[in-house]
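One structure is given here, and the rest of the page talks about it.
No lab work stands behind these numbers, since they all come straight from the coordinates. Just so it is clear, the model here is predicted, and its values are computed rather than measured. Cβ placement follows ideal geometry from the backbone for every residue including glycine, while neighbour counts extend to all protein chains displayed.
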Amino acid sequence: MLKELLQKSRSFRRFYEEPISRETLEELVELTRYVPSTANSQALKYILSCTPQENQKVFECLAWAGALPEWDGPEEGERPSAYIVILCDQSLGKNKFTDNGIVAQTMMLGAVEKGLGGCMFGSINRPKLAENLGIDTEKYSIDLVIALGRPKEQVVIVDVPESGDIKYYRDENQVHYVPKRALKDLILN
């Protein structure tokens, strides 16, 4: 079951712009209450966005696909329906990157279970996002953003080619391919 969820939890960048309720976002954040936290600090906080106006404020601060430099991101009608901004309360802990990964993956798996998909963003115009959402950057660091929606694209996992190139790519039908290393290449002994 977990392996199946992981295989379905890809980085989707095009969506059907169908509403996602705040309740659904709250359910995804609720999952994070049960995951490990460095020194049990529970320093991560969240901003939820699921209205067109708020979503635009987040969308314009994200860099969409580093390996696809000719693509500026999804067009209107294919943009995420919601976002979760992950912040770290600096008074509780400084940049808990391990915690960020755990909670982001947990929410992504929860999204897949609900028939949704998403994309995690570390490439963020943080000053602009802080301004757009009124985030106090003295108190909170902006760590990650998760974009969510019902996926509109097909993402296929393929083996890394002999060249070793791990860059994702799209074909002429806009099918998105993600090269993954073989198990034998991951284990050293």
Among (1) surrounded by 12 or more Cβ atoms within 10 Å (Cβ to Cβ); (2) free of Cβ contacts under 8 Å to residues at least 40 places away in the same chain; (3) more than 27 Å from Tyr177 (Cα to Cα), Gly101 falls short only on (3)
Looking only at the range 35-67, filter to residues that are in a loop (DSSP other than H, G, I, E, B), in contact (Cβ under 8 Å) with a residue 60 or more places away in the chain and of a type outside the set (A, V, I, L, M, F, W, C); which one of those is surrounded by the most Cβ atoms within 10 Å (Cβ to Cβ)? Ser37
Give me a count of the residues in the range 168-189 that are more than 18 Å from the chain's Cα centre (by Cα) and in a loop (DSSP other than H, G, I, E, B). 11
Where the second residue is loosely packed, with under 12 Cβ neighbours inside 10 Å and the first is in a loop (DSSP other than H, G, I, E, B) and lies in the range 14-27, which pairs have Cβ atoms under 6 Å and are six or more apart or on separate chains? Glu17/Gly77
Read through the list (1) free of Cβ contacts under 8 Å to residues at least 60 places away in the same chain; (2) surrounded by fewer than 19 Cβ atoms within 10 Å (Cβ to Cβ), then give the number of the only condition that Asn132 fails. (1)
Unmet requirement for Leu148, which otherwise passes all of (1) farther than 17 Å from Thr32 by Cβ; (2) of a type in the set (A, V, I, L, M, F, W, C); (3) part of a strand (DSSP E or B): (1)
Residue count, the range 108-157, condition closer than 19 Å to Glu18 by Cα and out of contact with any strand residue (DSSP E or B) (no Cβ under 6 Å at 6 or more places or on another chain), comes to 6
Single unsatisfied condition, Pro19 versus (1) in contact with a Lys or Arg (Cβ under 6 Å, 6 or more places away or on another chain); (2) more than 29 Å from Ile166 (Cβ to Cβ); (3) not polar (S, T, N, Q): (1)
Does Thr106 fit the bill of being in contact with a helix residue (DSSP H, G or I) (Cβ under 9 Å, 6 or more places away or on another chain), part of a helix (DSSP H, G or I), surrounded by 15 or more Cβ atoms within 10 Å (Cβ to Cβ) and of a type in the set (Ser, Thr, Tyr)? yes
Could you grab the pairs with beta carbons closer than 8 Å, sequence gap of 6+ or different chains, first residue in the range 111-126 and of a type in the set (Phe, Trp, Tyr), second one surrounded by fewer than 19 Cβ atoms within 10 Å (Cβ to Cβ) and not in a strand (DSSP E or B)? Phe121/Ala63
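I'd like the full set of residues that are in contact with a Pro (Cβ under 9 Å, 6 or more places away or on another chain) and crowded, with 19+ Cβ neighbours inside 10 Å, limited to the range 1-34.
Taking the range 1-34 as the starting set, the residues that turn out to be in contact with a Pro (Cβ under 9 Å, 6 or more places away or on another chain) are 10, 12-17, 20.
Arg10, Phe12, Arg13, Arg14, Phe15, Ile20, listed by residue number.
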